[in-house]
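The values are calculated or read from the model by the stated rules, or taken from the named source; none is laboratory data. Because the structure is a prediction, the values reported are computed rather than measured. To get the accessible areas, we keep the full protein, side chains included, count just its heavy atoms, and leave off ligands, DNA and RNA. Shrake-Rupley method; radii C 1.70, N 1.55, O 1.52, S 1.80 Å.
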Amino acid sequence: QVQLVESGGGLVQTGGSLRLSCAASGSISSENTMGWYRQAPGKQRELVATVTSGGRTYYAASMEGRFIISRDNAKNMMYLYMSSLKPEDTAVYYCKIVTTVGVTWGQGTQVTVSS
């Protein structure tokens, strides 16, 4: 089994920045894809960005340029650096990993951007 724990969320003003972290533990296949998703109140969960174990990244069109995803395979960590934050970025941000045996989600971390 794989466990994911997100951290780094909080309250930030418009225009500010935050770095989210996701710590993975357990049986993690060497080939995997990790990603960040977010869910705002009353809305569906949406993709923010993904990164493969080989380092290939993908961003949702609306996120590219302000958000940077990265990972440290040696530490089983994934990060999301968010800048120029807007009130509409307010959401619960979730970490997800897809391995050769399944999919695991984290519990989420709240990001609130005040206007």
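When DSSP beta bridges are restricted to pairs lying wholly in the chain, around 90% turn out antiparallel.
Tell me, what does the Kirkwood hydrodynamic radius of segment 1-55 come to in angstroms if you use every pair of distinct C-alpha atoms? Before the final figure, lay out each step's value.
Details: mean 1/r = 0.0747 Å⁻¹.
Kirkwood radius, segment 1-55: 13.4 Å.
Could you state the per residue volume, in Å³, of the convex hull enclosing the Cα atoms of segment 8-115?
Working: hull volume 10.2 nm³, N = 108.
Convex hull of Cα atoms, per residue: 94 Å³.
Using the 1.4 Å probe convention, the accessible area of the chain works out to 54 Å² per residue with neighbouring protein chains retained. Counting only protein heavy atoms and using a 1.4 Å probe, the accessible area of SER114 comes to about 40 Å². Using the Cα coordinates of segment 41-99, the gyration tensor eigenvalues translate into equivalent-ellipsoid semi-axes of 21, 13, 11 Å, sorted from longest to shortest.
Using Cα-Cα distances under 8 Å and only pairs 6 or more residues apart, what relative contact order does the chain have, in percent?
36 percent
Rounded to the nearest 10 square angstrom, SER25 shows an accessible area of 50 square angstrom against a 1.4 Å probe. Accessible surface of MET34, taken over heavy atoms with a 1.4 Å probe and every protein chain present, rounds to 10 Å².
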